[in-house]
Amino acid sequence: MRSDVRTSRRKAVVLLSGGLDSATTLFFAKSRGYECFCLAFNYGQRHDKEINAAKKIAESAKAKYRVLKISLPWKGSALLDNKIAIPKEPGKGIPSTYVPARNIIFLSFALSYAEAIGAAAIFIGAHAQDYSGYPDCRPEFFSAFNQVARSGTKAGSNGKRIEIKMPLINKTKAEIIKLGARLGVPFRLTWSCYTGERKPCGECDSCFFRHKGFQEAGFNDPWHLV
């Protein structure tokens, strides 16, 4: 006997930056049966290439999206201040492209959004390996923020957890690219470069890790970074 009861899909907020990591995370969430609500940020970064990429990726995935404009007038990052040079190659320590407390800010907005729409999860494409050394991309940070989500929301107090999910956290860039390829991620739509030129610079550390990842994964980067 067929049932007339329709079960609603689980909702998830996906932080979508426009890069290949967040794009892979979106397609991963979709593959797990989530109805995805993408959230991108215009936070005063050097260019809007990544925002435009995020829109195209969300549309490709047939996911809802919104761009939230916020202001970080105190700057403190090469991504926010044109007077600070973007590093041309990976170095030691936390790079100048680190934006103070960015993931805390983004996840706080995502948590509010998730609670408002009744989402069960927030997906973020952070990963700890082959990365630039950002402190807010470490597993212990996300573990702590999961506790914040449980103890600081109405949903959490009612026993309805909103889980912060990081499906890429222990993967290398090459492993992420292989996963994205299996999921059908349109890598040609992604933007990784810290500069806003017509083509990726091929020199910043984001370009470096992307190029290295494609080489190790055995795939051609559609942007043909050199």
Looking at segment 188-211 only, could you name the residues that are touching a residue at least 40 places away in the same chain (Cβ under 8 Å) and open to solvent by less than 20 Å² (accessible area, probe 1.4 Å)?
Thr190, Trp191, Cys193, Cys204, Asp205, Arg210
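Would you be able to tell me the number of residues in segment 138-175 that are on the phi < 0 side of the Ramachandran plot and not in a helix (DSSP H, G or I)? Talk me through it step by step, then tell me what you get.
Residues of segment 138-175 on the phi < 0 side of the Ramachandran plot: 138-158, 160-175.
Then keep just the ones that are not in a helix (DSSP H, G or I); that gives 138, 152-153, 158, 160-172.
The total comes to 17.
Identify, from the list Asp48, Asp130, the residue that is modelled with pLDDT under 95, open to solvent by 70 Å² or more (accessible area, probe 1.4 Å), farther than 24 Å from Thr153 by Cα and acidic (Asp, Glu).
Asp48
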Matching residues in segment 217-226 (farther than 13 Å from Ala181 by Cβ and either at pLDDT 90 or above or surrounded by 19 or more Cβ atoms within 10 Å (Cβ to Cβ) (or both)) number 2
Could you list all residues from segment 194-225 that are over 19 Å from Asp81 (Cβ atoms) and aromatic (Phe, Trp, Tyr)?
Phe208, Phe209, Phe214, Phe219, Trp223
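Listed here are the residues, each with its yes/no results for (1) under 17 Å from Ile105 (Cβ atoms); (2) open to solvent by 60 Å² or more (accessible area, probe 1.4 Å); (3) touching a residue at least 24 places away in the same chain (Cβ under 8 Å); (4) part of a loop (DSSP other than H, G, I, E, B).
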residue	(1), (2), (3), (4)
Asp21	no, no, yes, no
Phe28	no, no, yes, no
Asn52	no, yes, yes, no
Lys56	no, yes, yes, no
Lys62	no, yes, no, yes
Gly76	yes, no, yes, yes
Ala85	no, yes, no, yes
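The values are calculated or read from the model by the stated rules, or taken from the named source; none is laboratory data. Note that the structure is a prediction, hence the values are computed from the model and not measured. Please note: Cβ atoms are built from the backbone with ideal geometry, for glycine as well, and neighbour counts cover all protein chains shown. The area values use the complete protein model at the heavy-atom level, side chains included, leaving out ligands, DNA and RNA. Shrake-Rupley method; radii C 1.70, N 1.55, O 1.52, S 1.80 Å.
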